[in-house]
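The values are calculated or read from the model by the stated rules, or taken from the named source; none is laboratory data. Worth saying up front: this structure is predicted, and the values here are computed from it rather than measured. Here Cβ is always computed from backbone atoms with ideal geometry, including for glycine, and neighbour counts include all displayed protein chains.
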């Protein structure tokens, strides 16, 4: 039975990119609050003979934001390039190499859960935010902006590159198998 609705983001994970794909180690990202990923594309239309003669669409991935309780220290070090000093403080440096990663997550459905991996992601630094408590305590969250693009390290079919993978109605995937390693596409046509 297909889903009618979806709700409840959970099971956020990430894995470092390697030369040929993704590291075997997948790390949990606890405290997910919300995730938004907006599609990015370029559309080209060529006019000839008084009509739209040729159209071309370029999938440029997604740009989005992950809101969470706290960005994990391991992510800050391995992806954002922060380093620990001799006092175990995290230090942000000015000249940091961009580290790519895959971002996985689950969104519940009324009939079955939806699982995703976004490939070839890169993240930007988080804002620093603080607020005085009033009559009650307000939990502050951190927001991580990210973008992903087609992954040139993975080829599908005839020189095509994946942007994301998502379970479908007929998928037999469970959270345990989906997040044990980054799921790579297994497509033989294209």
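Just to be sure I understand, how many residues within region 74-93 are surrounded by 13 or more Cβ atoms within 10 Å (Cβ to Cβ) and free of Cβ contacts under 8 Å to residues at least 60 places away in the same chain?
Start the filter on region 74-93 by keeping residues that are surrounded by 13 or more Cβ atoms within 10 Å (Cβ to Cβ), which leaves 75-82.
Okay, now just the ones that are also free of Cβ contacts under 8 Å to residues at least 60 places away in the same chain, so 76-77, 80-82.
Summing the residues that are surrounded by 13 or more Cβ atoms within 10 Å (Cβ to Cβ) and free of Cβ contacts under 8 Å to residues at least 60 places away in the same chain in region 74-93 gives 5.
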| task | Quick one: residue 165 ticks every box in (1) within 27 Å of residue 110 (Cβ to Cβ); (2) part of a loop (DSSP other than H, G, I, E, B); (3) under 16 Å from the mean Cα position of the chain (by Cα) except a single one, so which number is it? | result | (2)
| said: Out of 46, 7, I need the residue that is surrounded by fewer than 11 Cβ atoms within 10 Å (Cβ to Cβ), in contact with a strand residue (DSSP E or B) (Cβ under 9 Å, 6 or more places away or on another chain) and at pLDDT 95 or above. Which one? | reply: 7
| Here are some residues: 71, 96. Which one is within 26 Å of residue 36 (Cα to Cα), modelled with pLDDT under 95 and surrounded by 12 or more Cβ atoms within 10 Å (Cβ to Cβ)? | 96
| Complete set of residues in region 110-124 that are touching a helix residue (DSSP H, G or I) at 6+ places or on another chain (Cβ under 9 Å) and more than 12 Å from residue 164 (Cβ to Cβ) | 113, 123
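Residue-by-condition table, conditions (1) part of a strand (DSSP E or B); (2) under 23 Å from residue 174 (Cα atoms); (3) touching a residue at least 40 places away in the same chain (Cβ under 8 Å); (4) out of contact with any helix residue (DSSP H, G or I) (no Cβ under 8 Å at 6 or more places or on another chain):
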residue: 8; (1), (2), (3), (4): yes, yes, yes, yes
residue: 20; (1), (2), (3), (4): no, no, yes, yes
residue: 30; (1), (2), (3), (4): no, yes, yes, yes
residue: 33; (1), (2), (3), (4): yes, yes, yes, yes
residue: 37; (1), (2), (3), (4): yes, yes, yes, yes
residue: 40; (1), (2), (3), (4): yes, no, yes, yes
residue: 44; (1), (2), (3), (4): yes, no, no, yes
| said: Please go through region 48-72 and give me each residue that is within 20 Å of residue 120 (Cα to Cα) and free of Cβ contacts under 8 Å to residues at least 60 places away in the same chain, ordered by number. | reply: 57, 58, 72
| query | Which residues, taken from region 99-114, are under 17 Å from the mean Cα position of the chain (by Cα), buried (at least 18 other Cβ atoms within 10 Å of the Cβ) and not in a strand (DSSP E or B)? | reply | 100
